[in-house]
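Engineer: Starting off with a structure, shown below.
The values are calculated or read from the model by the stated rules, or taken from the named source; none is laboratory data. Quick caveat: nothing in here was measured; it's all calculated off a predicted structure. Quick reminder, even Gly has a Cβ in these numbers, built from the backbone with ideal geometry, and neighbours come from all protein chains shown. These area figures cover heavy atoms from the full protein model, side chains too; ligands, DNA and RNA do not enter into them. Shrake-Rupley method; radii C 1.70, N 1.55, O 1.52, S 1.80 Å.
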Amino acid sequence: MRSTLSALLLGATLAGLAGCTALPPAPATAATTAPAVARPVEVLWLGQSCFRITTPDGRVIVTDPWLQQNPKTPPAYKKLEALGKVDVLLVTHGHADHFADAPALARLHHVPLRAPGDLNAAVVALGILPAALAPRFNKGGTIEPAPGVKVTAVRAEHSSVLNFANPITGKDEIHFGGEPLGYIIELANGFRIYHAGDTAVFGDMRWIGERYKPDLALVPIGGNFTMDPQDAAHAVKELLKPRAVIPMHYGSNPLAKGTAAAFVQAMGTSTIRVIVAEPGVPVSF
Ligand SMILES: [Zn+2]
């Protein structure tokens with residue numbers, strides 16, 4: 001108690017001394033009186049399943065980069081350098097519309113490619129990336145690839161192969177691409193994103209919803225290779241139950257005919273916020 005009182009008196013004395021100097025008192029600005037305004041989470045869709053997610057503390061996460069050949073990617077983002085820095089590089093499976101630009105981005109930023117462990121085993125064996133840029137993890141595993149960014153690998157109901165143009169034979173080869181994944185991305189402020197990858201509906205989406213309680217779900221709606229708008233709406237409304245959803249994986253392949261309008265219609269009167277993102281136009285949370 002005495003030391004506390006002494007400290008208070010000392011503080012008062014020092015404050016008094018400060019008042020006697022020629023220094024002007026610090027102005028009471030809004031910055032010192034108002035609480036700090038947290039920066040939002042910025043989510044930028046770049047077509048198919050590629051997103052650039054910027055966290056409130058400035059970390060940049062890129063998912064499933066297919067940019068140079070993607071018809072939905074805005075011209076401004078066709079050059080990989082246009083993404084700016086990349087702290088976390090996530091790929092859900094080996095199909096080219098998710099994987100194509102990942103090796104180049106990994107080398108450009110010297111950032112490890114986070115992908116299904118067995119896909120990365122093939123990536124290293126084929127000499128696409130060195131082992132240091134292709135670490136392995138798998139379903140159920142949680143990693144922290146950058147401070148304040150946690151990524152948990154979860155199931156996706158799909159397939160995965162790795163297409164490889166063999167530079168020695170000049171022939172195209174198909175290699176095992178591991179099991180496809182979805183990802184739970186948890187940010188330092190608690191915001192959770194579920195990136196479903198390519199997937200059909202599966203019953204454990206209910207478990208993913210209950211266990212991880214995603215604030216935002218990114219779900220494929222194109223059909224043919226994945227859920228169509230009706231199945232995706234069922235998954236979101238009945239199983240995942242996020243606060244908001246952005247449809248993805250449509251409009252880039254003529255076989256995947258699902259549309260955002262059909263997804264919005266299938267969501268009906270649900271209170272879940274449906275955000276139809278425009279490629280290249282950021283959305284803030
Ligand atoms: Zn796929």
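Engineer: Counting only residues that are assigned to a helix (DSSP H, G or I) and not polar (S, T, N, Q), which one in the stretch 116-125 is most open to solvent (accessible area, probe 1.4 Å)? Don't jump to the end; show me each part of the working.
Structural biologist: Our first condition is that a residue be assigned to a helix (DSSP H, G or I); within the stretch 116-125, this holds for 117-125.
Retained after the next criterion (residues that are not polar (S, T, N, Q)): 117-119, 121-125.
On the way: Gly117: 2, Asp118: 55, Leu119: 0, Ala121: 45, Ala122: 17, Val123: 0, Val124: 52, Ala125: 88 Å².
Among residues in the stretch 116-125 that are assigned to a helix (DSSP H, G or I) and not polar (S, T, N, Q), the one most open to solvent (accessible area, probe 1.4 Å) is Ala125.
Engineer: Suppose we keep only residues that are surrounded by fewer than 24 Cβ atoms within 10 Å (Cβ to Cβ) and within 13 Å of the ligand (Cβ to nearest atom) within the stretch 224-239. Which one would you say is nearest to Ile53 (Cα to Cα)?
Structural biologist: Result: Phe225.
Engineer: Shifting gears a bit: So, of the residues in the stretch 70-86 that are in contact (Cβ under 8 Å) with a residue 12 or more places away in the chain and in contact with a helix residue (DSSP H, G or I) (Cβ under 8 Å, 6 or more places away or on another chain), which turns out to be nearest to the ligand (Cβ to nearest atom)?
Structural biologist: Top of the filtered list is Asn70.
Engineer: Counting only residues that are free of Cβ contacts under 8 Å to residues at least 24 places away in the same chain and touching a helix residue (DSSP H, G or I) at 6+ places or on another chain (Cβ under 6 Å), which one in the stretch 131-145 is least open to solvent (accessible area, probe 1.4 Å)?
Structural biologist: Selected residue: Phe137.
Engineer: Let me ask another. Could you please give the count of residues in the stretch 116-149 that are small (Gly, Ala, Ser) and within 16 Å of the ligand (Cβ to nearest atom)? Full working, then the answer.
Structural biologist: Initially, the stretch 116-149 is screened for residues small (Gly, Ala, Ser), giving 117, 121-122, 125, 127, 131-132, 134, 140-141, 146, 148.
If we keep only those that are within 16 Å of the ligand (Cβ to nearest atom) too, we end up with 122.
Matching residues across the stretch 116-149 total 1.
Engineer: Still on this structure, please answer the following. Go over the candidates Ile128, Ile184, Ile174, Ile221 one by one and state the one that is modelled with pLDDT of 95 or more and buried (at least 22 other Cβ atoms within 10 Å of the Cβ).
Structural biologist: On inspection, the qualifying residue turns out to be Ile221.
Engineer: Also, I was wondering about something else. Condition first: of a type in the set (A, V, I, L, M) and more than 18 Å from the chain's Cα centre (by Cα). Can you find one or more residues in the stretch 148-157 that meet it?
Structural biologist: Checked the stretch 148-157: no residue is of a type in the set (A, V, I, L, M) and more than 18 Å from the chain's Cα centre (by Cα).
Engineer: Among the residues of the stretch 146-163, write down those that are in contact (Cβ under 8 Å) with a residue 40 or more places away in the chain and open to solvent by less than 30 Å² (accessible area, probe 1.4 Å). Walk me through it before giving the result.
Structural biologist: At the first step, the residues of the stretch 146-163 found to be in contact (Cβ under 8 Å) with a residue 40 or more places away in the chain are 146-149, 151-152, 154-163.
Passing the criteria: Ala146, Gly148, Val149, Val151, Thr152, Val154, Ala156, Ser160, Leu162.
Engineer: Limited to the stretch 87-115, what total is found for residues that are within 14 Å of the ligand (Cβ to nearest atom) and open to solvent by less than 10 Å² (accessible area, probe 1.4 Å)? Talk me through it step by step, then tell me what you get.
Structural biologist: Residues of the stretch 87-115 within 14 Å of the ligand (Cβ to nearest atom): 91-100, 102, 115.
Applying the additional criterion that residues be open to solvent by less than 10 Å² (accessible area, probe 1.4 Å) yields 91-94, 98, 102, 115.
Total meeting the criteria: 7.
Engineer: Considering only the stretch 204-218, state which residues are out of contact with any Leu (no Cβ under 8 Å at 6 or more places or on another chain) and without any contact (Cβ under 8 Å) to a residue 60 or more places away in the chain.
Structural biologist: Asp204, Trp207, Glu210, Arg211, Lys213
Engineer: Follow-up. Can Glu173 be described as more than 23 Å from Ile61 (Cα to Cα), assigned to a strand (DSSP E or B) and either away from the ligand (no atom under 16 Å from the Cβ) or of a type in the set (Lys, Arg) (or both)?
Structural biologist: So Glu173 fits the description; yes.
Engineer: I've got another one for you. Considering each of Arg243, Arg211 in turn, give the residue that is of a type in the set (Lys, Arg), farther than 17 Å from Arg273 by Cβ and either within 16 Å of the ligand (Cβ to nearest atom) or open to solvent by 10 Å² or more (accessible area, probe 1.4 Å) (or both).
Structural biologist: Only one candidate passes the filter, namely Arg211.
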